[in-house]
Amino acid sequence: MAYHPLTNETGQTPERRREEAEFILDLLHDYYDQMEQNEKQFWNSMQNYQTCSPKQLLWLRDLKAKYAE
């Protein structure tokens, strides 16, 4: 998914990005069966990450908006 260059940064520290990512990952757990295959793969891969890039966080926010809002 292509983002505008200005969205490469979330304005957060790496620690805060990871905290938000963990919150969203937990929230999306209930929607796992509804996700598309590539979304499931991404969700699974994020379970083991110690860091979260701005791009990963933006994708998690997209999934949250798609499934949990």
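Read-outs throughout are calculated quantities, based only on the coordinates presented, and are distinct from any laboratory measurement. On a predicted model such as this, the values are computed, not experimentally measured, just so you know. Methodologically, a virtual Cβ is constructed for each residue, glycine included, from the backbone with ideal geometry; neighbour enumeration extends over all protein chains shown.
Here is how the numbers come out for the structure above:
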quantity: Segments 27-37, 49-59 sorted - mean Cβ within 10 Å per residue, highest first; calculated: 49-59, 27-37
quantity: Net charge over other residues, Cβ less than 10 angstrom from the Cβ of Lys66 (K, R count +1; D, E count -1); calculated: -2
quantity: Estimated vicinal HN-Hα couplings, Hz - the range 56-69 in sequence order (Karplus 6.51, -1.76, 1.60; Gly, Pro = x); calculated: 5, 5, 5, 5, 4, 4, 4, 5, 4, 5, 6, 10, 10, 10
quantity: Cα-centre dipole for the range 12-67 with unit charges at Cβ (Lys and Arg positive, Asp and Glu negative), debye to 20; calculated: 240
quantity: Compactness of the range 12-67, expressed as Rg and Dmax over alpha-carbon positions, Å; calculated: 10.4, 31
quantity: Cβ-defined net charge surrounding Gln56, 11 Å radius [Lys, Arg +1; Asp, Glu -1]; calculated: +2
quantity: Residues of type aspartates and glutamates that Lys40 reaches as a straight line, Cα spacing below 19 Å, ignoring anything fewer than 8 places off in the same chain; calculated: Glu20, Glu22, Asp26, Asp30, Asp62, Glu69
